[in-house]
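J.: Please see the structure below; I have some questions.
Read-outs throughout are calculated quantities, based only on the coordinates presented, and are distinct from any laboratory measurement. Remember, it's a predicted structure, so these values are computed and weren't measured experimentally. So basically every Cβ, Gly included, is an ideal-geometry build from the backbone, and we count neighbours across all protein chains shown.
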Amino acid sequence: MHSHAVKRAPREHVEKHNHPGLAPAARPIVALVGNPNVGKSLVFNYLSGMYVDVSNYPGTTIEFTQGRYKEFDVFDTPGVYGIGSFSDEENVTREIVLQADAVLNVVDAVHIERDLFLTMQLIDMGKKVSVLLNFMDEVEALGLQVDAELLSQTLGVPVFRTTATKRRGFDRLDEAIEQARRGRQDAALHHKLHAMLAAVGSEAEALLVLEGNETIAARHAVASGTEREAIAIDRRNRVNRIIDVVLIEHEGRARLSATIGHWAINPWSGVPMLVAALYLIYLFVGRLVAQDLVKFTEVKLGQELWEPWVRGLVAPYIVPSSWLGTLLVGEFGIATMTVTYLLFLLLPLVVAFYAALALMEDSGYLPRLATLVDRALNAVGLNGGAVIPLILGFGCVTMATITTRMLGSEREKRIAVAILQFAVPCSAQLAVVAALLSGAGFAAMTIYSITIFATFVALGTVLERVLGGETTPLLIDLPPMRLPRLDNVIRKTAYRSYYFMKEASSWFFLGALGVGVMQITGLLDVWQDLLAPVTTGWLQLPRAASRAFVMGMVRRDFGAAGLYQLPLSAPQIVVALVTITLFTPCIASVMVMVKERGLKEAAIVWSGTWIVAFIVAGLLSQLLI
Amino acid sequence: MILLDKYMAAGRGVLPLDSAAKGSRLLIVEIPPGRSRMQLIRLGILEGEAVRVIERMPGGTVVIEKNRREIAIGAVLARTLLVAPIRFDHA
């Protein structure tokens with residue numbers, strides 16, 4: 001099949017327009033493209049082995065993975081239902097597809113009617129395509145039959161049957177790449193493409209312009225087409241006609257997984273399931289990792305092994321009490337506290353949280369959870385999709401703040417970031433809060449929880465009203481419930497943890513450096529003195545509590561930990577904990593917020609947390625103490 | 001749309017998706033223009049297609065099923081989609 005061999009296509013038009021992200025390479029590019037949850041990553045992992053590169057696509061916040069297989073560069077793309085410009089995911093997938101020399105289109109054979117829409121679009125774009133008909137085992141189990149030969153003839157591209165979870169059919173992936181070819185384009189569309197071709201250079205881009213893709217139209221300075229919907233409906237009808245002949249349905253059998261899936265979205269069974277899931281996460285992340293494992297890593301590895309070692313290392317050269325010594329190896333030193341914090345406290349937590357998230361994602365539970373809580377989140381101006389950053393926030397607010405990128409609109413990102421920064425206590429802090437509260441009794445615990453929750457709801461409701469605009473409606477295709485594959489969960493967790501540490505570490509260092517400078521220059525004491533009257537007068541707490549509040553800026557749990565040493569009554573504990581929960585998150589989360597949301601918005605949120613914290617806690621103090 | 005006319009003639013009203021009962025079979029009658037419309041077309045939810053409501057949450061978030069696929073539609077969007085119930089005893 002050498003006539004179809006995939007070679008590097010001439011790239012003049014590509015280079016001329018300088019697509020962001022992909023360096024011009026001599027190696028042919030193979031792109032794995034498909035709807036979400038169709039098993040692309042399994043194919044990608046198989047092809048690329050361990051040596052992959054995860055990075056952010058330039059100009060976007062979407063991560064994609066790139067690897068090498070034989071003479072090819074292989075790209076895994078974000079799952080999309082069509083090639084367009086509706087979201088950042090689509091933008092990334094579109095750019096990779098435009099540059100690809102061959103496309104391996106992974107299709108979920110069970111949901112072929114949905115997936116072929118994208119397949120047809122790829123074919124209409126004139127790309128060289130091979131279709132991997134995945135989940136063939138499930139097709140058989142469901143009593144369905146898909147005629148792969150007929151599908152291949154109708155589409156005009158080769159079709160390979162695979163079961164990615166069992167690596168069945170993967171021995172033919174070489175053939176799939178080699179034999180990828182242009183399929184049967186819609187005749188009328190093809191005709192129109194050619195009129196456009198001279199202006200934009202490639203059929204693929206010509207099609208996107210015809211489909212009204214403004215990004216591509218602007219890139220080539222042509223008017224974008226007005227037939228987006230007509231083309232889409234026509235394509236949908238072509239797909240339906242193909243499905244009529246290639247898909248044979250025998251009797252449908254209900255699967256256990258489908259039943260579990262229905263339980264998850266039924267309010268009566270779904271809410272208990274959610275509580276159970278959250279409890280399991282709490283046991284795993286909150287107990288096992290945050291308490292037992294971190295106790296070991298932070299104290300034994302960090303404070304007893306690493307910190308003395310690094311102090312000993314710099315001692316011959318730098319006087320520890322000098323300003324440089326303080327910055328490097330002092331109480332908040334960037335080589336001591338920050339390293340311990342990042343590697344021995346944050347990293348285990350982040351890994352645990354990402355693992356829990358990957359399990360929920362790969363099992364298909366997460367989108368159902370989003371469905372279940374959708375209406376409730378509407379009340380605070382978010383949709384069900386925001387459940388991910390909110391859950392992550394209980395792990396690490398910094399991590400969650402980065403995740404708000406995936407939300408549908410600026411308005412939602414703004415609300416979610418504000419809620420995270422104000423009212424979601426991270427795990428480092430929760431541990432201390434829980435310890436202090438359990439000593440203060442059940443009433444204290446209840447008052448604390450109600451106050452924080454009420455602030456959460458009030459803040460969301462106010463922002464919802466003030467910001468105006470409309471919440472993006474929830475619209476998600478629920479993937480079937482499946483047993484997650486361990487290797488995929490591990491990979492995902494590793495990528496994301498690595499990526500988070502890479503992105504966030506510098507902010508933690510910078511934050512520690514900032515506080516170190518404040519300590520040396522005496523600004524820290526000034527700040528504490530400034531807060532003291534408010535602390536003693538309005539909050540009715542000991543003067544020393546203001547030190548705990550300021551420490552809370554470095555690390556939220558420091559703030560809480562500082563309260564351990566103070567002789568506080570139960571009401572005072574509640575007031576102090578409400579204050580440190582509501583006000584300023586740790587300095588790294590502020591830095592990330594500045595990066596994500598801009599300086600102005602971050603400054604408003606940051607000062608807002610101080611104001612709200614002192615007002616709410618003060619009112620509580622007047623009531624309780 | 002002939003099918004639809006028949007149901008209308010039979011006195012079956014058109015209602016927003018969020019008011020449809022759980023378990024009912026529906027004909028999609030109207031999807032308002034906008035960003036979600038294109039996404040729905042890609043997913044195969046067009047005017048004239050038949051779907052089934054498999055869950056309706058308090059508050060109006062709806063999950064519909066079409067050919068073994070389940071699609072969750074938020075309350076805000078479900079309110080704007082017009083559907084007509086299909087009753088088999090009339091078919």
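J.: Tell me the volume per residue, in Å³, of the convex hull enclosing the alpha carbons of the stretch A:268-624.
T.: Considering the Cα atoms of the stretch A:268-624, their hull volume per residue is 142 Å³.
J.: Could you go through the stretch B:48-53 in sequence order and give the Karplus-derived ³J(HN,Hα) for each residue, using 6.51 cos²θ - 1.76 cosθ + 1.60 with θ = phi - 60°, rounded to whole Hz, and x for Gly and Pro?
T.: Those phi angles translate into x, 7, 9, 9, 10, 7 Hz.
J.: Here is a further query. Compute the helix-to-body angle for A:267-281: its Cα long axis versus the longest principal axis of chain A, expressed 0 to 90° and rounded to tens.
T.: Relative to chain A, helix A:267-281 is tipped by roughly 60 degrees.
J.: Ignore the peptide's own chain and count Cβ atoms of other chains within 10 Å of each Cβ in B:58-66; give me the average, rounded.
T.: 5
J.: May I pose another question? Please compute the alpha carbon radius of gyration of the stretch A:323-396, then divide it by the globular-protein estimate 2.2 N^0.38 Å. Two decimals is fine.
T.: The value comes to 1.61.
J.: For the pair A:Trp309 and A:Val457, what calculated FRET efficiency results from E = 1/(1 + (r/R0)^6), where r is the Cβ-Cβ distance and R0 = 56 Å, to the nearest 0.05?
T.: 0.75
J.: Rounded to the nearest 0.05, what FRET efficiency do A:Ala276 and A:Ala198 give with R0 = 51 Å and r taken as the Cβ-Cβ distance? Could you check?
T.: Rounded to the nearest 0.05, the efficiency is 0.25.
J.: Could I ask something else about it? Which shape class applies to the stretch B:15-62: rounded if a/c is under 1.5, otherwise prolate when a/b exceeds b/c and oblate if not, where a ≥ b ≥ c are the square roots of the Cα gyration tensor eigenvalues?
T.: Prolate, since a/c reaches 1.5 and a/b exceeds b/c.
J.: Here's a follow-up. Residues with beta-carbon under 10 Å from that of A:Arg235, excluding A:Arg235: net charge, scoring Lys, Arg +1 and Asp, Glu -1?
T.: Counting the neighbours of A:Arg235, the net charge comes to -1.
J.: Another one. In terms of modelled amide H atoms, which long-range or inter-chain residues lie less than 5 Å from the amide H of A:Lys128?
T.: For A:Lys128, the qualifying residues are A:Val103.
J.: Per-residue Cβ counts within 10 Å, from other chains only, averaged over A:260-267: what number is that?
T.: Partner Cβ neighbours, averaged per residue: 4.
J.: Now a separate question. Hey, rough spin-label estimate for A:Asp292 and A:Ala218, points 7 angstrom out along Cα→Cβ, what's it come to in nanometres?
T.: Label at A:Asp292, label at A:Ala218, 5.3 nm between them.
J.: Is the stretch A:209-347 best put as rounded, prolate or oblate by its Cα gyration tensor, with a ≥ b ≥ c the root eigenvalues, rounded for a/c under 1.5, and otherwise prolate when a/b is larger than b/c, oblate when not?
T.: oblate
J.: Also: By DSSP, what percent of the beta bridges with both residues in chain A are antiparallel, rounded to the nearest 5?
T.: In chain A, approximately 45 percent of DSSP beta bridges are antiparallel ones.
J.: A follow-up question, please. In Å and whole numbers, how far do the C-alpha atoms of the stretch A:412-495 stretch along each principal axis, longest first?
T.: In descending order, the Cα extents are 44, 38, 23 Å.
J.: Label points 7 Å out from Cα along the Cβ direction at A:Arg485 and A:Tyr564: separation in nm?
T.: 4.5 nm
J.: Could you grab the relative contact order for chain A? Cα pairs under 8 Å, six or more apart, rounded to a whole percent.
T.: After rounding, I find 10 percent.
J.: Same structure again: 7 Å from Cα along Cα→Cβ at both A:Ala544 and A:Ser409: what's the point-to-point distance in nm?
T.: It works out to 5.0 nm between the two label points.
J.: What three numbers, in Å, describe the spread of the alpha carbons of the stretch A:86-128 along their principal axes, ordered from the longest?
T.: 28, 24, 15
J.: Could you tell me which of rounded, prolate or oblate describes the protein assembly as shown, using a ≥ b ≥ c as the square roots of the eigenvalues of the alpha-carbon gyration tensor, with rounded for a/c under 1.5 and, failing that, prolate when a/b is larger than b/c and oblate otherwise?
T.: Prolate, since a/c reaches 1.5 and a/b exceeds b/c.
J.: Residue-wise, which Karplus ³J(HN,Hα) couplings in Hz belong to the stretch A:373-389, taking 6.51 cos²θ - 1.76 cosθ + 1.60, θ = phi - 60°, and x for glycine or proline?
T.: 9, 3, 5, 4, 6, 3, 4, 9, x, 10, 10, x, x, 6, 5, 5, x
J.: Please list, in order along the stretch A:102-110, the HN-Hα scalar couplings obtained from phi with the Karplus expression 6.51 cos²θ - 1.76 cosθ + 1.60 (θ = phi - 60°), rounded to whole Hz, x for Gly and Pro.
T.: So the Karplus estimates, Gly and Pro as x, are 9, 10, 8, 8, 8, 10, 7, 5, 6 Hz.
J.: Let me see the P(r) profile for the stretch A:87-175: every Cα-Cα distance counted, bins of 5 Å, each bin given as a percent of all pairs.
T.: All Cα pairs considered, the percentages come to 3, 13, 24, 24, 19, 11, 5, 1.
J.: To the nearest whole percent, what portion of all C-alpha pairs in the stretch A:250-326 is separated by more than 19 angstrom?
T.: 66 percent
J.: Hey, with R₀ at 30 Å, roughly what FRET efficiency would A:Lys300 and A:Trp610 work out to, going by the Cβ-Cβ distance, to 0.05?
T.: About 0.25, to the nearest 0.05.
J.: If you line up the long axis of helix A:599-624 against the longest principal axis of chain A, both from Cα atoms, how many degrees apart are they, to the nearest 10?
T.: On a 0 to 90 degree scale, this one is about 50.
J.: What lysines could a cross-link reach from A:Lys192, if we take a straight Cα to Cα line under 25 Å and drop same-chain neighbours fewer than 8 places away?
T.: A:Lys16, A:Lys127, A:Lys128
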